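Taking it in order: structure first as structure tokens, then the write-up.
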Amino acid sequence: MKITKEQVRHVAELARLDIDEADLDGFARDLGDILEHAESLGRVDTTDVPPTSHAVEICNAFREDFITGHLENKDALENAPEAEEGSFVVPRIIE
Amino acid sequence: MKSADLCGLSIHRAQELLRDKEISAEELTGAVLERIRTKDPDIGAFINVTEQLARKQAKQADAAIAEGSAGPLAGIPIAIKDLICTKGIATTCASRILADFVPPYDATVTEKLNKAGAVMVGKLNMDEFAMGSSTENSAFKLTRNPRDLARIPGGSSGGSAAAVAADMCLGSLGSDTGGSIRQPAAHCGVVGLKPTYGRVSRFGLVAFASSLDQIGPLTGDVEDTAIMLSVIAGHDPRDSTSVGRQVPDYRACLSTDISGLTFGIPVEYRGAEGLDPRVGRAFEEACKTLTKAGAKCVEISLPHTDQALAAYYLIAPAEASSNLARYDGVKYGFRSREAAGLKDMYKRTRSEGLGPEVKRRILLGTYALSAGYYDAYYKKASQIRTLIQQDFARAFDKCDIILSPTAPTPAFKIGEKTDDPVQMYLSDIFTLSANLAGVPGISVPCGFTENNLPIGLQMMGNHFAEDALLKAAYAYEQAAGINGKKTATGNNEA
């Protein structure tokens, strides 16, 4: 299956990745090869087959609504690249 | 006892010696740390050796043993794949983006190991975010196969398998999304178990593909795997997909009597694409051993075997592309310093922090989930997954355990498959169906090639039938007389 450089650029944009111009061809080829393998799925009739998103049947997991262990603000911010006044700092969003 | 002999102990033998005060936990831990110091420069299994913590935990274990309050793994040196959270100890997922991440909490399995008295000697190398079959995708280092240093240890839990094979810990934890415990166990000649989905809590396991991921043990023999599984299994309110079933004493389920068990051999696996004849022969030999031990072997069919690989390589990347969206440079991990604005910061952070295989899978998964392709790829693969589960359910009407080779080839050479993702993905061909179906699978050593490369036999059981699975694996191990750590000779001391 043929995947174009333009398609790779589009998907990379959706995934918030910058792909170097030099790597676009390689990724396009790899994706094409893998998706070609996936073409075999089209030959299987799946009319009326429900999709599975979970391997073992379990219903909703409920529990009592009470407070259990949780991270303190200080601990939650410990790994932040930048933090200030108990908050994560990000680059300016509104110009 | 000599230091080298201590490192090569099984967990069950070390338990006896510790209990009888023939050895101390401090001695055992000291010997293992010394082994890591001399051996790991060649192997590269560890990302981080936690020597101070290990010595402290060993001291505590000796005290607990002395006062009779010791847990089941008291004083046993264990190492953990570096995607399982360890409070206060870096957990990198072998990725630049998490190179400095120090978890503020323990994974449930880490807590359980601590509570059982285990001694943690370090964190183990892996493919970045568990994406790979050779551990060559680690951002930090190569891990070499202890049986042949020119070869890969398998992956993604390559460090976990290599560390056990090279006597640098008595047991380890890995994670398995498509074979990442079983395949490296096969390549390094150790035992590796992927439990049923939901058997072990995933709380604190860094997510790759949430509907497929499962934590499991790697050890020198089946009895050790049973011991470790009893410690880490069980329901956890912090993982809503963990299942509230009783955890049996798996070790008590072991027996060499398998006369009542029926083993199913999928006809589709015979002559599978890329099956090495040496692996094929070892597999046939293993079937004979089981028959001789009194078990029945029958042919079964898993009709959608051909589609499993394609379904897996759409579902797993799709889930990964969603799970890895969290690495955006805001809450933890690496942040690019040269960004102009928020969106640019996201893109630069992810592009600089993630490696090529991770990017490849994020792109593939994003494509499979994107508008216009969702039905053709992701939904279709999820429907195929249903058919694969039905195949397994029907097969388990006819047999107790499904048999196959673990990997189609013995360990390949470092660099041999790095340029061809599809070839690399084919090394998971026998293992990934168990993840799609959610059933447990174990790899046990079943022979060696002419140059001493281990070959693994895979057994798969029905949901939550780890007791029958471990019993079958134990009986096979005893009947075949193969212990991957002890039987191998030749260059394993290289």
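Taking the conditions (1) away from chain A (no Cβ under 14 Å); (2) under 27 Å from B:ALA368 (Cβ atoms); (3) hydroxyl-bearing (Ser, Thr, Tyr) in turn, B:THR291 satisfies each one other than (2). Criterion first (over 19 Å from B:ASP167 (Cα atoms), among the basic types (Lys, Arg), outside any helix (DSSP H, G or I) and in contact with a helix residue (DSSP H, G or I) (Cβ under 9 Å, 6 or more places away or on another chain)) does B:LYS21 satisfy it? Considered against the rule, which asks whether it is over 19 Å from B:ASP167 (Cα atoms), among the basic types (Lys, Arg), outside any helix (DSSP H, G or I) and in contact with a helix residue (DSSP H, G or I) (Cβ under 9 Å, 6 or more places away or on another chain), B:LYS21 comes out as yes.
Scanning segment B:113-129 for any residue that is of a type in the set (Asp, Glu) and either over 24 Å from B:ALA14 (Cα atoms) or without any contact (Cβ under 8 Å) to a residue 24 or more places away in the chain (or both) turns up at least one such residue. A:HIS70 meets all of the listed conditions (1) touching a helix residue (DSSP H, G or I) at 6+ places or on another chain (Cβ under 6 Å); (2) part of a loop (DSSP other than H, G, I, E, B); (3) under 30 Å from B:ARG199 (Cβ atoms) but one, namely (1). As a summary of the residue check, B:PRO277 satisfies the conditions (1) under 24 Å from B:PRO408 (Cα atoms); (2) in contact (Cβ under 8 Å) with a residue 40 or more places away in the chain except for the one numbered (2). Would you check if there is a residue in segment B:413-427 being of a type in the set (Asp, Glu), free of Cβ contacts under 8 Å to residues at least 60 places away in the same chain and within 30 Å of A:PRO81 (Cβ to Cβ)? No, there is no match, as no residue in segment B:413-427 is of a type in the set (Asp, Glu), free of Cβ contacts under 8 Å to residues at least 60 places away in the same chain and within 30 Å of A:PRO81 (Cβ to Cβ).
Checking segment B:80-92 against the condition returns a match, with at least one residue being surrounded by fewer than 18 Cβ atoms within 10 Å (Cβ to Cβ), within 21 Å of B:MET126 (Cα to Cα), aliphatic (A, V, I, L, M) and in contact (Cβ under 8 Å) with a residue 12 or more places away in the chain. Here is the figure for segment A:1-44: residues that are part of a helix (DSSP H, G or I), buried (at least 20 other Cβ atoms within 10 Å of the Cβ) and within 8 Å of chain B (Cβ to nearest Cβ) total 10. Just wondering, is there one or more residues in segment A:9-25 that are basic (Lys, Arg) and modelled with pLDDT of 95 or more? Looking through segment A:9-25, at least one residue is basic (Lys, Arg) and modelled with pLDDT of 95 or more. Just give me the residues in segment B:287-321 being out of contact with any Leu (no Cβ under 8 Å at 6 or more places or on another chain) and not in a loop (DSSP other than H, G, I, E, B), in sequence order. Correct list: B:LYS288, B:THR289, B:THR291, B:LYS292, B:VAL298, B:GLU299, B:ILE300, B:THR305, B:ASP306, B:ALA320. Checking each residue of segment B:215-230 against the condition of being polar (S, T, N, Q), at negative phi, over 10 Å from the mean Cα position of the chain (by Cα) and surrounded by fewer than 24 Cβ atoms within 10 Å (Cβ to Cβ) gives at least one match.
Determine, yes or no, whether B:ALA185 is under 13 Å from the mean Cα position of the chain (by Cα), crowded, with 24+ Cβ neighbours inside 10 Å and not polar (S, T, N, Q). In short, yes. Of B:GLY179, B:GLY198, all but one fail to be away from chain A (no Cβ under 14 Å), assigned to a loop (DSSP other than H, G, I, E, B), on the phi > 0 side of the Ramachandran plot and surrounded by 22 or more Cβ atoms within 10 Å (Cβ to Cβ); the exception is B:GLY179. Here is a list: B:GLY264, B:GLY274. Which entry is within 14 Å of another protein chain (Cβ to nearest Cβ) and within 29 Å of B:ASN452 (Cα to Cα)? Answer to the selection: B:GLY274. For segment B:361-383, residues that are under 25 Å from the mean Cα position of the chain (by Cα) and either at the interface with another protein chain (Cβ under 7 Å from one of its Cβ atoms) or among the basic types (Lys, Arg) (or both) total 5. Might you let me know whether segment A:45-55 holds any residue that is more than 7 Å from every other protein chain (Cβ to nearest Cβ), part of a loop (DSSP other than H, G, I, E, B), on the phi < 0 side of the Ramachandran plot and in contact with a Phe, Trp or Tyr (Cβ under 9 Å, 6 or more places away or on another chain)? Looking for residues that are more than 7 Å from every other protein chain (Cβ to nearest Cβ), part of a loop (DSSP other than H, G, I, E, B), on the phi < 0 side of the Ramachandran plot and in contact with a Phe, Trp or Tyr (Cβ under 9 Å, 6 or more places away or on another chain), one finds none in segment A:45-55, hence no. Total residues in segment B:315-333 satisfying the condition of being more than 10 Å from every other protein chain (Cβ to nearest Cβ), more than 15 Å from B:GLY355 (Cα to Cα) and touching a residue at least 60 places away in the same chain (Cβ under 8 Å): the figure is 3. Of everything in segment B:2-45 that is within 22 Å of B:THR225 (Cβ to Cβ), within 24 Å of the chain's Cα centre (by Cα) and among the small types (Gly, Ala, Ser), the residue that is surrounded by the most Cβ atoms within 10 Å (Cβ to Cβ) is B:ALA45. Among the residues of segment A:84-93, is any hydroxyl-bearing (Ser, Thr, Tyr) and at the interface with another protein chain (Cβ under 9 Å from one of its Cβ atoms)? No, because not a single residue in segment A:84-93 is hydroxyl-bearing (Ser, Thr, Tyr) and at the interface with another protein chain (Cβ under 9 Å from one of its Cβ atoms).
The values are calculated or read from the model by the stated rules, or taken from the named source; none is laboratory data. The model shown is predicted, which means the values in this text are computed figures rather than measured ones. Counting neighbours? That spans all protein chains shown, and the Cβs are built from the backbone with ideal geometry, glycine included.
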